Structures are given as C-alpha cells and as structure tokens.
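Report on one structure; see the data block that follows.
What follows is calculated from the coordinates using simple rules that are stated; it is not laboratory data. The structure presented is a predicted model; accordingly, all values stated were derived computationally and were not measured. Every residue, glycine as well, gets a Cβ built from its backbone with ideal geometry; the counts of neighbours run over all protein chains shown.
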Amino acid sequence: MKKDATKKSLIFLLCWLCFFLFILPTTLGSFSSRALVVSDLPVTMSMPPGLSEMLAQVNESRLRSSVQNIQRFGPHPTGSLALEALCSYLYSEMSAMNLSVKYDAWQQKQQSGKNIVATLYGTSSADTTVIVCAHYDSLAVSPGAEDDGSGVAAVLMIADIMRQYTFNTTVQFILFSGEEQGLLGSRSYAKNASLHSENILGVLALDKIGYAVTSSEGASLQHHANPASVWMVSLSQSVAAVYPDEIGLVVLSLPQDPESDHMSFVEQGYAGTDFVRNATNPYYHTSEDIVDHMNFSYLSKVCRLALGTVASMACLHPLLSNQDLSITMKGSRMSSPAQFAVLVQNAKGATDTVNLTVTVRLKHLFREGYVNTIKQGVFTPCNWSVTKEIAQSWEFAVAGRRFSRGFITLEVILTGRADDLYLYATRQSYGIIVSTFRVVLIPRL
C-alpha cells in the first residue's frame, strides 16, 4: 500500500514537473507580488534636516492665489472643456518648477481623462516612491474651491518647496481627474503601478482641507487610515508634535475614508491615507464652494503638516539598501523535517540591524485563497506576518503540518519599518504539494 502511494506521488510529480518546466514559464509574467506595510506601531525616526526651513516657505497668499486661479475656470467636471483648460494650466505650473512632468491618460467606465504626474527623483532609493496627491476635477455644479482646489494648491506648494532639496526616496506629486465619478483616474494609475510591481512606500491624499470656523476646527485635522497604513498617522502626529508653533494642529486618527484617491492604492495593497478638515462645510458640493468661504490660515497649517509628513517619509538616510537583503526558499527535501523554510539574510548585519515586516504566503496558483494547513484538527491559512529586527540572518520554518495537494506559489515580502521604512524586497517561487507532508519548490531556470 505504501509503495503504491509513493508511486502515485512520483507520477504526479513527474507529470506536473513537465508542466512547470515547459508551459508555466510562459505565463509567469501574469503573477506579481506587492509590498504591503502591515505595521501599526508608531514610527520612530528623526525629522529631516532642513525641515524647519521648508515649513517656513509655506505661503498663505500663494495658496489663496492658486485656489482663486482654479476657481476662475468655473465648474470643471471630468470630460469638460473647463477641465481640459485647467489641466493645461496645472501642467504648466508644475513644468515651471523644473520637475519631470507627464500626463497619465486613463479610460474607465466610458469616461476618460488625464492625470498629471510630477516626479522628484530620489538619490539612494530612487526605486521607492512616496506620493502626495489631490484631485483637480469638480462636480458640474461646483467651482471646486475647497473640494479640491485646497488639495491641489497644497500639492503645488509642497512640490515647489521640495524641489529645492534632495531626498533619498523619489517623490511624486500627482493631480488626479475622475475622482468625483468614483476615483477613476487614481484607480487606473494604482492598478498600473501594481501591475508593474512599483514599490510605493505610502500615498497621502489631500482632499477638502481648507474649511474651519471655530477655534477647535482650526486646531485639528482628521487623518484617516486603514490598519495597514496607521504608521503614516503616527508619523504625521510626530511631525505635529515636533513643530507645534509652525503647524499648530492636533492630528486625529480616524478609520479609513473610502472616498478619496488614496483608496485606489489601498485596494492594490499599498499604504494610503488622507487628510480631511475636521469640520462640516455647508458649501461642500454646491455652487458656493468658493474662496470666500475658505480659511487660508487653516489651509496653510495643513499644508505644512503634509509637507513635513511627506518629507519625513522621503528624506531617509539609510545605512542599508535593498541589495543588502536576500531571500532563500527551501523545499522539504532540502530542509527536512520542515515542509519549507525561508531564510532572510542581512549582508551588512555587522554595520546595522534591519527592521522588517516579513510576510510569508502560500497560495493556490489556479484558484483563489491561501493554502490551508491542518494541525491537530485546526485549519490555518498559510499567511504569516512577523516583525523582526534582523542582524545577520533569520529563518522561518514550517513543520508538522498537513497540506492539501495542488499547485502553489510561495511568496515572501520584506517591508522596512522604523528607521528602515524605505527597504523593500520580494521573491516568489512556484511549486507543487505532492503529499500532505511535502512541499516541492520548482528551481528557478
């Protein structure tokens, strides 16, 4: 009986080994891995050098002028001639800053439009990106001063200040269209970023940030985040605490806001949050959403906080790089008695430890969901996330579990945290579970 079972397993393996060697390699391009920041712990890092100088450059009069210029275009819904004209104006404004600027065309749900993307390239970690964004479209009834001329004006101001400095991480300043129709422009952009496995550290959307009447409203701000992105809230709170005179805001940590452009990135597994005023604007989505009903002193404070948050994310001075991290995967035949093991190594462990969230996932290749393991009658999905400070190496091994047979992908994602936020590495291997106790990984060709 035992010989028959062994023979069946070998036949099963040989048949599908041919499949993996000759057929699957042509389809691997359709599978990709994504970074997912899972830490909800406060971020502990020093503020960027020169941040006080940057904050001092936020100019209330310039913010007002930017919103007035946007308002002059009148209502500018997606697809309108007014939005086309505004798009050209905003593109020119960003181009004048000597940034790398491009249009990002999109088409969804029988709608089309253009996003405007300005890029400030980083030095040491140029492949990692921080995004600050707003939407420049409005409803057909509204001139869109606060929603979202306030956010657009802040993005323009932040871009014009940050371009004068050097940052470790690349920063993108993006103005989206199609937001009012269901985040169409940002959804297109985020899906494309995920498709190309772009390493986006975090996205901060500025949406409706220019209205406050009472002193309490003028001294507070809502920062919305899902659990995987709350580290960005902690960072903004740290910035506000270090610069109370310049910013003068209490940052309120609130649950995820599903109605702004950061949500498009959250849907793709990226960290994303948004700033929103802590007041109810009675002129929101009306014809009276105009400059006269805005509070530009408040907008200036929010702009400084956004600038400090984005600069803190981007201005990291690493001792380690992505190239210092390595991931080794082993199947059961090489690491018995474990069914599989993952080894993470830090090549410069003698120089600096690395703070990482290590995500290990074992997923079915041709059907949805994680592989389930059975241990003492308990089913557990193979989806582990561990936060570690690693010197030279750390190994994660799985043993003593039963698996259901099938084709699988083993994915490992390393995401930096604390002082190593910029770090990111991933590896994916494909294999077969040939028996309830054995995972075989296909060697890379």
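List of remarks:
- Extension gain, Glu84 to Gln392: 0.36 nm times the residue separation minus the Cα-Cα distance gives 105.5 nm.
- Here the extension length gained between Val242 and Glu53 equals 66.7 nm, from 0.36 nm per residue of separation less the Cα-Cα distance.
- Hz values of 3J(HN,Hα) by residue in region 183-191 - Karplus curve (6.51, -1.76, 1.60), Gly and Pro given as x: 6, 5, x, 6, 5, 4, 5, 5, 5
- In region 263-411, the ratio of gyration radius to Kirkwood radius, Rg to Rh, stands at 1.17 when only Cα atoms are counted.
- Mean separation of Cα contacts under 8 Å, 6 or more apart, over the residue count of region 51-314: relative contact order %: 25
- Gain on full extension, evaluated as 0.36 nm per residue between Asp292 and Ala350 minus their Cα-Cα distance, stands at 15.0 nm.
- Residue pairs, from the table Lys114/Lys208; Lys208/Lys388; Lys330/Lys363; Lys102/Lys363; Lys109/Lys301, whose Cα atoms sit over 26 Å apart: Lys208/Lys388; Lys102/Lys363; Lys109/Lys301
- For region 51-314, taking the reciprocal of the average inverse distance between every pair of different Cα atoms yields a Kirkwood hydrodynamic radius of 17.8 Å.
- Where labels lie 7 Å past Cα in the beta-carbon direction, separation of Phe366 and Gln110 in nm: 3.8
- Hypothetical label at Val250: residues of region 216-234 whose amide nitrogen lies under 20 Å (7 Å Cα-Cβ projection): 216-225, 233-234
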